[in-house]
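The values are calculated or read from the model by the stated rules, or taken from the named source; none is laboratory data. None of the values given here were measured: they were computed from a predicted structure. Neighbour counts run over all protein chains shown; Cβ positions are idealised from the backbone, glycine included.
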Amino acid sequence: MVSPAIALAFLPLLLTLIIRYRYYFVLLYRAVLIRWVRDCLTGLSREERAFQYILTHATPGDAQSILDTFDHWCSKVEFISNIGPKKGKILDRLLQEHCPITVLELGTHCGYSTVRIARSLPIGARIYSVEMDERNAQVAEKIIRLAGFDEDMVELIVRPSDEVIPRLREDFGVERLDLVFMDHWKRCYLPDLHLLEGSGLLGEGSIILADNVIFPGAPNFLRHVRRSGLYEVRVHRATLEYIRGIRDGMAELTFLGIK
Amino acid sequence: MPRHKLIASESDGKDNEFSLYYVEVEENSKGGKEKQATRDGKRRRARKGEVSRRRASEKRSTEMSNKRAEKKHEKHHKTTRKEGEKHRKRQRRRNADEEAEEESSKEKKNIKNERTKTLKLEDEKEKDVKKKRKKHVKNEEDDANPGKTKQKDCQDVALKEKKKKRKKPETTSESESNSDSESKDNQAVGVLGSLTPEELEKLKEAVDERKKLITTLKGKPWPMKKKLVILRYEFVEKYEGALGKGKGRKLYAYKVMMMKKWMKFQRDLENFKTACIPWEMKIKEIESHFGSSVASYFIFLRWMYGINMILFGLTFGLVMVPEALMGKPYGSMPRKTVPREEEASAMNFAVLWDFGGYAKYSVLFYGYYNNQRAIGWLKFRMPLSYFLVGVGTVAYSYMVVIRTMARNANEEGGGDDTSFNFSWKTFTSWDYLIGNPETADNKFAWCTKEAIVEEQESRKDDNIHLTRFLRVLANFLLLCCLAGSGYLIYFVVRRSQKFALEGLENYGWWERNEVNMVMSLLGMFCPMLFDVISTLENYHPRIALQWQLGCIFALFLGNLYTFIIALMDAIQLKRAEEEIVKKNMTIWQANLYNGTVSDNSTALPITVHTGNVPRGPCWETMVGQEFVRLIISDTMTTYITLLIGDLFRAVLVQFLNNCWCWDLEYGFSSYSEFDVSGNVLGLIFNQGMIWMGAFYAPCLPALNLLRLHVSMYLQCWAVMCCNVPQERVFKASGSSNFYMALLLVILFLSTLPAIYTIVSIPPSFDCGPFSGKNRMFDVIQETLETDFPAWFGKVFSYASNPVLVLPFLLLLVLAIYYLQSTSKTYKRINMELKKKLQTKQNEETKKKNKLAANELEQARKAGEQRSNSSQHTQNSEPPVSSTHTTTRPPASRGHTASGHLPGHPQQPQKNSHSNRK
């Protein structure tokens, strides 16, 4: 039998773990517990709740206002893992620097990042946004329309990404992707990257931006990217969106072309 | 690979260590197999005799695989060689043309020749073998084609090839050295540069001529011997400088050769010396990977090992061995026998592991020793030796620690070191011993980015209330933690006494080891908590680190002292028990006598088995046992923490990372970092326990030696295989003295209880070397009375008279005071000197600036004047001004170097400046 004194000696360890990983507990509380409770109380999904809030609080047609409201809702009310304002700035800067014409977005979710990309694109540019989940896609479409972007600008594809990528050329007539933004399942980063490489849609200078490569993390993806030699890799260090203290990063890959 | 070797052999005696180190680093970056090969090579260099031969043979085996690469390499070499050769030839030709050349230049050349020759002789042997293989086939064909030479034995052919090769390198040798040590003969390079195409053509012709000569020689159907002789006379002596025949050339060649050999010998001796320092290579390797702060821990560990070695030698040689050899054997006395009731379980492993049973009744513990004054035919004074060794070990430790501290103290410069922090960090804090890219990255980030961040932090003031609240909270938590851990230990020790009174046999392993477990666990987990709390406090990292160190120190000290206080209680209990036993003893003896008298009146010496005799509890052995158990459990905890915290974690990260839902390497549970301060403190406290308990358990230094030895290897291995370099790479220049100070404090604090027990508690009546005496130190008086002449005792009694002692003490205090004040004055004078130098330098730089400005002005004026005249003169102007601008920085640099010393010597962890080590 273990004596109580020995059990008490483990108390510092427990305290240490709690203090050190407090942000993770906060994340757990906000992303899982609150969501569960609200789901039970309202009967709506989290994305629909977010849409309701935005509908009541944001100015329609104003992308910035919609983004701000989104940020507010995510940081104060509930938690949705969007790209967030801080990492969003990195994205904005990239868009300004490169002015992509064709953008592929994997993982629309609520349309936050789609709106973010769309508002800083040049005229005539086009976003193909891929979302697997039907309900999320509906919400995303509403939000995108609310922000004032039409179907010429944003093409929402409701299908799994691994089905979409090989058929981009045939179904949508895409010749080259200037920017690929990955924010879907972290497990799918690597297979989708392989598909992209195989499809021949990436040209020299194409940029692939992958969110959340450190937390939740896509180690295989990073490893492949570093070893393959096809890309110039930069990892932007940042913190997880809407939560302080959890390190995260965005990987920016510049396709060098196949030699 | 050969490149590195060349480098190693080139930079002869001077910076031998560095070159070695360089090789080492290069190896690290390479694959395992090659690494092994080169390391072998390095080791071989130490034993010079068989070096070249063995190297050649080994080379052959290793090179077989890399032959392809080698060939390419060789080709490259050849091209460079050819170039050098041309220019050499040319020089020689010129030499021939101008017969009356200066002696000095000739000599220089000879030196060069010699150098190349010896260099070559070393290198050649390796290369020979390589080339031999390659050329083997080719040359065989050559031989076959003329058809004149018959097919000889394979060996013979090989030999022949070797000889031929021997010729060839001789011609090419100079060129090799030229290509390698190009910087040395700049002059020669100049000559090469000034060659005209015709001259080059001439050179080529000469080379071709010579080549033709050799090939014709090769093709001749002569025996090998003749060929060689002709080659020597015709070729070598004619063309090859110092090796050829000439006036005094032979002697000179011999001299140079000997010098070369001597230098090589010296180099090898140096290598051998470093190889003799235990674990030096290991530590160097770690240093290159993790920076000097981690290496400083291992150096500290090695130092500790050395001290413990001496402590062990003293106790083992002067106490344990004499008692084991000359003292009464086991079973001859009650104190040297296991009691009857314990005999059954005395050999059980569980009992022995707890240092009970036979281990308790052996030379390992105090109780086993006899109080016989002199033992054996040597008349060895056992009790006296025991006492003196106990005192001597402590005295020796004091001496060593203080000496080291004093030596380190010299290196600490005074002065206001708070200014120019940022510059110091950016420009001077690079650790040149780092050889690992990741570490270098971290260090670089620390030098640049974090320095900037820190600077910003120090200037901005954020929410003061929040930080205040957090700090108060953190301190409150800290105090709670310290008090809680102290109370927990006290509670546990009291409980264990209760268990002991009721008999330990009724309780399980957990209850018996509760004290040690709790102490180890607290010692393991509380530092982690402090670490976390210190991040909560949001202090400057340096201050945070000091706080943390202070907290850990307080914790360890509190735990240790609680333990000792509880032990004191236990001693009191034992002594009360002893009184009862004493009383019972007389009764028992009386009963014994009575019983035997009634039986048989003639047998006076009563024989009772020694195991049956009742005996006292012997508190000294109990104390020794407690300390030994503490050390063992501490060691176990350290190792288990290492295995779980480092190895298990690393394995987990390594193998689970592929199938985990977040990135284990970057996120939670990444690879662990090596915790220098925690480890050093652990070591220091471990040593403190040794000092405290060594008097009652002579086996403690031996145990500690074992522990240190094992942990050296284990930790070296663990660091290399499952730790990552720290994110903040500190340089551990001044920290050693800080740790030394801690060690001194611990030494003092750990001798206090030992002295207290020795002075104030009477020894047990029936065990140990001092049994039967009133106090332990009575042994000195006894020795004075019986072993020394009477006058000596008298003198001693006079000397120990308070009348003499008190003035002496007073004198001592005065001397200390005097010395201290003088040192203070010196320090102040030093500071003033520094300041003076600084101001002087400032003035000088100002003056220089002014001068430079003036000259610039003048130059500009002159330029303006001249600008009308021509373009040509204007071009020469910028250099004039630029020379002055370039002279300025060195001056200012000199000023800073003589002025403040950077960093914070009084705040040791972050001493960022100059290599003090």
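What to note about this one:
- Filtered by the rule that a residue be in contact (Cβ under 8 Å) with a residue 24 or more places away in the chain, more than 8 Å from chain A (Cβ to nearest Cβ) and small (Gly, Ala, Ser), the range B:478-495 gives a lone residue, B:Gly486.
- Positions within the range B:197-245 being surrounded by fewer than 16 Cβ atoms within 10 Å (Cβ to Cβ), modelled with pLDDT under 80 and outside any helix (DSSP H, G or I), in sequence order: B:Lys245
- Failed criterion for B:Met304 (all others in (1) at pLDDT 85 or above; (2) more than 30 Å from B:Met399 (Cα to Cα); (3) in contact with a Leu (Cβ under 8 Å, 6 or more places away or on another chain) hold): (2)
- Restricting the range A:180-193 to residues that are surrounded by 22 or more Cβ atoms within 10 Å (Cβ to Cβ) and within 14 Å of another protein chain (Cβ to nearest Cβ), the residue that is modelled with the lowest pLDDT: A:Lys186
- Verdict on B:Glu502 being at negative phi and more than 10 Å from chain A (Cβ to nearest Cβ): yes
- Among (1) within 30 Å of A:Val103 (Cβ to Cβ); (2) touching a helix residue (DSSP H, G or I) at 6+ places or on another chain (Cβ under 7 Å); (3) surrounded by 15 or more Cβ atoms within 10 Å (Cβ to Cβ) - the single one A:Asp62 does not satisfy: (2)
- The helices (runs of 4 or more DSSP H) falling completely within the range B:489-607 that include 1 or more residues that are modelled with pLDDT of 85 or more map to B:514-537, B:541-599.
- None of B:Ala732, B:Ala718, B:Ala754 is at pLDDT below 85, within 37 Å of the chain's Cα centre (by Cα) and surrounded by 15 or more Cβ atoms within 10 Å (Cβ to Cβ) except B:Ala732.
- All positions within the range B:521-550 that are within 12 Å of chain A (Cβ to nearest Cβ) and among the hydrophobic types (A, V, I, L, M, F, W, C): B:Leu521, B:Leu522, B:Met524, B:Phe525, B:Cys526, B:Met528, B:Leu529, B:Phe530, B:Val532, B:Ile533, B:Leu536
- Test result for A:Ala218, more than 18 Å from A:Ile127 (Cβ to Cβ) and within 13 Å of chain B (Cβ to nearest Cβ): yes
- Among the candidates A:Leu253, A:Leu209, A:Leu196, residue that is over 24 Å from A:Arg20 (Cα atoms), more than 11 Å from every other protein chain (Cβ to nearest Cβ), at pLDDT 85 or above and in a helix (DSSP H, G or I): A:Leu196
- Test: residue in the range B:417-433 that is hydroxyl-bearing (Ser, Thr, Tyr), under 27 Å from the mean Cα position of the chain (by Cα), assigned to a loop (DSSP other than H, G, I, E, B) and modelled with pLDDT of 75 or more: yes
- Filter result for B:Gly327 (touching a helix residue (DSSP H, G or I) at 6+ places or on another chain (Cβ under 9 Å) and surrounded by 21 or more Cβ atoms within 10 Å (Cβ to Cβ)): yes
- Exactly one residue out of A:Leu55, A:Leu67 is at pLDDT 90 or above and closer than 25 Å to A:Ile207 by Cα, and it is A:Leu67.
- Taken over the range A:1-48, the criterion of being within 13 Å of chain B (Cβ to nearest Cβ), aromatic (Phe, Trp, Tyr) and either more than 16 Å from A:Leu240 (Cβ to Cβ) or touching a residue at least 60 places away in the same chain (Cβ under 8 Å) (or both) is satisfied by A:Phe10, A:Tyr23, A:Tyr24.
- Residue in the range A:233-242 that is of a type in the set (S, T, N, Q), over 13 Å from the mean Cα position of the chain (by Cα), within 14 Å of chain B (Cβ to nearest Cβ) and more than 27 Å from A:Val77 (Cβ to Cβ) present: no
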